[in-house]
Every structure is written in C-alpha cells, then in structure tokens.
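Below you'll find the structure, written out as structure tokens, and then a few comments.
The values are calculated or read from the model by the stated rules, or taken from the named source; none is laboratory data. Everything numeric in this text was worked out from a predicted model, so none of it was measured. Methodologically, a virtual Cβ is constructed for each residue, glycine included, from the backbone with ideal geometry; neighbour enumeration extends over all protein chains shown. Calculation scope for accessible area: heavy atoms of the full protein, side chains included, ligands and nucleic acids excluded. Shrake-Rupley method; radii C 1.70, N 1.55, O 1.52, S 1.80 Å.
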Amino acid sequence: MSRSRTETHTPPPCPPGPTPTITTTTTDTHDVPTEEKKTSLLYSTEESPPLGQCILFAFQHYLVFIGGTIATPLLVVSFMCMEPNDPYRGDIVSTIIFVSGIITILQVTFGIRLPIIQGANFAYVAPAITIITYSFPACDSLDLSTMTADEKREQWQIRMRELQGAIVVSSVFQVLLGLSGAVGVLMRFVTPLTVVPTVTTLGLSLFSVATAQASSHWGISGLTVVLLVFISQYLKNVQVPYPFYSRGRGFHVNRAPIFTYFPLLLVICITWGVCGILTKLNLLPEESKARTDVTSDLLRDSSWFRIPYPGQWGVPSLSVGGVMGMTAAVFASVVESIGDYQACARVSERLTPPAHAVNRAVACEGLGCVLAGLYGTASGTASYTGNIILIGITRVPSRRVIQVSGLVMLLTGMCGKLCAVFASIPLPVLGGCLMFMFSLVTGIGLAPLQLICLRSPRNLFVLGFSLFIALAVPDWLEKNPGAVQTGYQMIDQGLTSLLQTSLFVGGLSGMILDNTIPGTIEERGLTNWQYFQQSRKSSTSEPADICYDLPFGMTHIERWNWTKYVPFLPTFGGFRRKE
C-alpha cells in the first residue's frame, strides 16, 4: 500500500507534451531581434568603445585567457623529456599565445563574428599524452645528463613533430566539416546525452595527470587549490575599489568583481610568491620542484624578441594512431565550441547563430588548429568559455575589443622573456591549477543534465554506461599494452589510440545509445536543444542578424543566386529534403 501511495504523489517520468520545468529557458527574449528589445549592454557587438576603454577591456580578456592557455602546453611538455630550465619551454608558450592571437582575429572577423577568444584546449591533452607514451620510450628510461644539447633537443622535438602531424591532419577534417556544412548533419545526432559523457570524461580522465603534477609538493599545490576555491567561489561577489579616470567625472573610485575576473591569475601570483619566499629562505630542499631558482636558466637564456614561425621544430611526422587519436579531440572541441557560440550569442544579445556562421566558425577553428600544428604548440585551439563569462559580467560584447585582445596576444607572443616567465611557473602551482580547472571542465560537462529527465531509467542507463565504459576501456588498455591485435600494425595503433581516449569512447557510446534506444523528445531533453538555426533568418517575419554577415562583399553575395548553396556564405538556406 505504501508503494502505491508513493506512486500517486510522484509525477510521471517526463510525459510527452509540455516541456519539463528544468528545460525552461529564455529563448523568447533571445530570439527577438536586438533592435526591438531593451538592452543592458554598455556596447553592442557592432560598436567600438573609446580607444582607452577598448585597450583596458581587451587586456582584461587577455588576462582571463592566459592562465588556461599556458597550462595546456606546459602540461604536455612535461611528457616530452624537456628539462625544467630549457629555454625552449618559453618558446613553446610564446608560440601558443602567438597562434591564439592569429586565430582569435580570424574567428571574430571572418568566422562566427561573435566576441569569442580562441586558445589552447584541454581536449587535446589526453590524446597528446597517449601519442607520446605509446610511440616513444618513457622519459625515465633516458639519461639526459649524458646527452649533448643537440641530443636533448632532438628527444623532445621528435615527440613534438609527432604531435604536430597528428594535429594538422585531424584539423583538416575539421576544416572540411565546416566548409561542407556537414557539421549540421553531425549535430543532429549530438544530444545532451552525447555531450555529457564527452566533456565530463575529458575532465575525469585527466585527474591522474593533475595529481602527478600536484604531488611534486602537496603543500604548495594544496594551498593553490584552497585559494582558488576560496577566491573564485566565496569572494566572487566582492566589489574591489580601484582608481579610475573619465572625462566627465575626472579621477574617481570604481568597483569591480576582481576575484571573479582573475581568480586563476591572482592565485598563481600568490602561490608563486610563496614559492619564491620559501626558496629565498632556503626552506625547500634543493631538488624540490617548488623552488623558483630551478628555472633561473630559462629566464636568463630566453631571447627578448622572437617571432614564432611554421616548422620551427622541424617537419611534422605522421602516424595513423596519432591522427585517429587527435580526431577524437577535434570532435570533442567542435561539440564544446558550438555550445560556446550559442552561449556567447546569448550574453551578447544576438540571435542564435545561423548555420552558415557556425559552418564558417568550425572551419576557422579547424584552420587555427592547422596553424597550431604547423607552428608546434603541443595543442589545438578552441573557444574559451571563461571569456564568455567575462562578457556577461562587463556587458561589453564588442567585436573590436576582442580584435584588440588578439593583437595583444600577437605582441606578447613575440616577447620571449615574458613567455619564459609564464613557462617558469613552479610545477606544484601548475598542478594545483590543473586540479581546479579539470574539476570545472567536469562540472561544465554535467550541466546539460538539467535538460534531460533524470527519472527515466532509459536515460540513467545511457548516462551511467557511457561514463563507465569511457573510464573502464582506456584504463584496461593502459594496463594491457598491445592488447589490440588485428594483424595490421597501423590499424592496431589507430584503434588503441582511439580506445585510450576517454572522451571518444564516452561520446560515441552516448551518441549511439541515445539515438537508437527509444525515447520521447521531452525525455531526451531535445525540446529546447538547438545549437544553431538552419537558415539565415529565424523566421519569415524577422530580419537576419547582421552580426553574422561577412565584413565585406555582402552586396554581391546577396545578388548572386548560387551563393545560397554555399554552406559558409550568409545567404545559405540550409540543406532541405525535397518533398
């Protein structure tokens, strides 16, 4: 009897019809042309702030961007047998900053044309580490002390060239995916239960990597994590006063949520300073990774000015396994970035991005990854969620601000000494930051669960199985190297690389199960699941959002009839079946 009473008071699991409460969004206001609704923005996407303000806003975006971007190559480089005081560490950091500037300017000018920063992406970390550890002997097996400088350089450069080739070839696939419009076809099968295991396992699969870095000194890394949690979560609403000058009011005091803007940068500076004090007082052992004098040679030997260039580490090499592993990272970054495009459009008070803009953005992002591979950055590039959050706080989604920020990246990427400073961050400080950032990635990956029905046994099975298999298969293969035996070495290497990539195993499992097991639209969370519009106009009565039009040539594009069949041009109407 008690069971029947419980069922009487419990709502049925996601019945068809009205959208469940958890899927309620603000799409009504978002899909109204920006010209017809009230705005809270200080400057719109099409507007440019005065030069002084523009530079300040741009530098603010740069500071938010820099923490996550330098962490990715420094993490991968630690698996390349490169010594801590090697000046080339700074050169790799300068390269990723420089390339990020190029692709940011391209993306915001010709790609999605929303104010989105591009930078190194954690999706490439796990495949990169897998490629290095699978294709080359462990660094512990090498006696670097007996090698010449040229031999040491060749040890890390041969690993870098392997990553370069994998990133370049897999990114060509991303370029073609965007230019052909195939991304629209692919996204029809990407559901919330595909995104959750893909992005969540990206964070979960890297916990051992972050732990290994943090364990170099648990005291410093623990302090880093505690400060990051305290500053980013408990102090996020604290308004910090600072002096400001304006023509109308002269010098006066403004207030801003500094702890929300720069938690990572602030904590790195604090814990890095603690390491410096402990080193100065000689309270750390000589061999401690937390000492700041370990990398003194790196700063001294780095050049003041250096322009990164393609092929600076040699000609990229290719392997089937490497390319297949990086292709999984490309898929994950595409899914993540398209979600960022929609989020950026929302905080910028623009219409949902049309298909042509998304196609162009994916192609631009792929081009950026090709450049990253050619230059040798140890990572691909993708959009940055942190900068989208910053736009929501500052209310300045100006395209010009992001273009200036990209220019700042280009200039600082050519300053060798500055990038060497970034590269000399103590290892336990970096490890603590990685633990914090990977936990954020995991949380972001779980966010789409708000759209699906968690009372559905079907959804619970798809979710649980996808997460479990994404962690179980790579773990087993890591403990049983050479387990994949098809009789063809290239196929063995390719399958091993894919199956050791958690985000690929989890994402593929979620996609197959969610698209094949019967379930209602409401149950699967697809009621409001729209990554982009299929055509330039959201409806016959609403004008197209000029934000997504190309910066020039629109008169000719609108006049020519054939342009409506080109997936990346603004007049593209989408692929439709003939009735």
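The length gained by stretching the chain between L144 and F552 to full extension, at 0.36 nm per residue less their Cα-Cα distance, is 141.4 nm.
Mean residue ellipticity at 222 nm, helices only, the chain: -18500 deg cm²/dmol; runs of at least 4 DSSP H residues each add -39,500 (n - 2.57), and the sum is divided by the number of residues. Going by amide H atoms built from the backbone, whose H comes under 5 Å of the H on Q118, apart from near neighbours? For Q118, the qualifying residues are T104.
In terms of accessible area, using a 1.4 Å probe and ignoring ligands and nucleic acids, K152, K479 rank largest first as K479, K152. Annotation for I521 and F468: the two label points, set 7 Å from Cα along the Cα-Cβ direction, are 3.2 nm apart. With both labels modelled 7 Å from their Cα along Cα-to-Cβ, the W476 to W562 distance reads 5.3 nm. Charge dipole of the chain (Cα centre as origin; +1 on each Lys and Arg Cβ, -1 on each Asp and Glu Cβ, all else neutral): 1340 debye, rounded to the nearest 20.
If Lys and Arg each add +1 and Asp and Glu each add -1, what is the summed charge of the other residues whose beta carbon sits under 15 Å from the beta carbon of N282?
Working: positive: K280, R291; negative: E286, E287, D293.
Combined, the nearby Lys, Arg, Asp and Glu give -1.
Of the residues H217, S145, L202, the one whose Cα sits farthest toward the positive end of the charge dipole of region 104-258, with +1 on the Cβ of Lys and Arg and -1 on the Cβ of Asp and Glu, is L202.
Farthest towards the positive end of the charge dipole of the chain, among the residues P87, T72, F461, is the Cα of F461, using unit charges on the Cβ of Lys, Arg, Asp and Glu.
In plain terms, if you count all Cα to Cα distances in region 64-177 and split them into 5 Å steps from zero, the share in each step is 2, 10, 18, 22, 19, 13, 8, 5, 2, 1, 0 percent. Each other residue within a Cβ distance under 15 Å of T381 adds +1 if Lys or Arg and -1 if Asp or Glu, for a net charge of -3. Listed peptides 193-205, 343-355, 383-395 appear in the order 193-205, 343-355, 383-395 once ranked by packing, highest mean of other Cβ atoms within 10 Å at the front.
Taken along the Cα-to-beta-carbon direction at a fixed 7 Å, the label points for Y242 and Q53 span 1.6 nm. Within a Cβ distance under 15 Å of L298, other residues only, what is the Lys/Arg minus Asp/Glu net charge? Every neighbour counted, the sum reads +2. Across the chain, the relative contact order, built from alpha-carbon pairs under 8 Å that are at least six residues apart, equals 32 percent.
Taking a span of 18 Å or more along the helix axis (Cα atoms) and a mean Kyte-Doolittle hydropathy of at least -1.0 as the rule, the DSSP H helices of the chain that qualify are 51-77, 88-110, 149-179, 263-280, 320-347, 355-375, 399-413, 427-446, 457-479, 502-516. Here, the chain has an Rg and a Dmax of 24.4, 81 Å when only alpha carbons are counted. The peptide list 225-238, 360-373, 327-340, put in order of mean Cβ contacts within 10 Å with the highest first, becomes 360-373, 327-340, 225-238.
Amide H contacts for N254 (H built 1.01 Å from N in the peptide plane; partners 5 or more residues away or on another chain; cut-off under 5 Å): Y242, F244.
Given a 1.4 Å probe and the protein chains as shown, M414 ends up with an accessible area of around 40 Å².
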